[in-house]
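Here the structure is laid out as structure tokens; the discussion comes afterwards.
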Amino acid sequence: MGRLLRIAQRMVLKSQEMEAIREERRSLFSEIKKNDQQIIQKHYEMEFMRLESMYLKQEQIQELKNKLGVYDMPVYQQQLDRLEAITNQCISSILKRLFEGGYGQELKKRGLFGE
């Protein structure tokens, strides 16, 4: 259970980082024309945070798949498989948006996308 706790703690930290970016971005909207590049930058930074969060969720699902002693294992596995499919779709969608935004090299640099 220690590994799941560490993943949960990392997810909370990621959520806090995302909230800090949201707050920074909100303040930029007071003068949109002046801050348009910063707003765009914060938008894509949020996308990176969402992607990192989804990768943490993926890690959490893998840990849960190894859990034993579940009352109804087939139903448990089926639910995890569904959650995993949704998570993978989210990851694909975020990756697509980042690549379309021209952030392919940044993804590779951050280790969020392999060759």
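The values are calculated or read from the model by the stated rules, or taken from the named source; none is laboratory data. Given the structure is predicted, the values throughout are model-derived calculations rather than measurements. Here Cβ is always computed from backbone atoms with ideal geometry, including for glycine, and neighbour counts include all displayed protein chains. Heads up: the accessible areas ignore ligands, DNA and RNA and are worked out on the full protein's heavy atoms, side chains in. Shrake-Rupley method; radii C 1.70, N 1.55, O 1.52, S 1.80 Å.
General observations
- Per-residue SASA entry for Asp81, accessible area with 1.4 Å probe, Å² rounded to 10: 70 Å²
- Maximal additional length on extending the Arg10-Asn88 stretch stands at 26.2 nm, based on 0.36 nm per residue less the C-alpha distance.
- Cα gyration tensor shape for the chain, rounded if a/c is under 1.5, else prolate or oblate: prolate
- For a label point 7 Å along the Cα-to-beta-carbon line of Ile40, residues of the stretch 94-114 with backbone N under 20 Å: 94-108
- Surface composition of the chain: carbon and sulfur atoms hold 54% of the protein heavy-atom accessible area at a 1.4 Å probe.
- Each residue, Lys109 and Lys33, gets one label point 7 Å from its Cα in the Cβ direction; the gap between the two is 3.1 nm.
- In order through the stretch 53-60: 3J(HN,Hα) via Karplus (6.51 cos²θ - 1.76 cosθ + 1.60), integer Hz, x for Gly, Pro: 5, 5, 5, 5, 4, 4, 4, 4
- Rolling a 1.4 Å probe over the heavy atoms of the protein chains gives the chain an accessible area of 68 Å² per residue.
- Note on exposure: Met46, Met18, Met11 ranked by accessible area (1.4 Å probe, complete protein assembly) read Met11, Met18, Met46, with the most exposed listed first.
- The stretch 30-68 residues near the modelled Asp81 label - backbone nitrogen below 20 Å, point 7 Å along Cα→Cβ: 58-68
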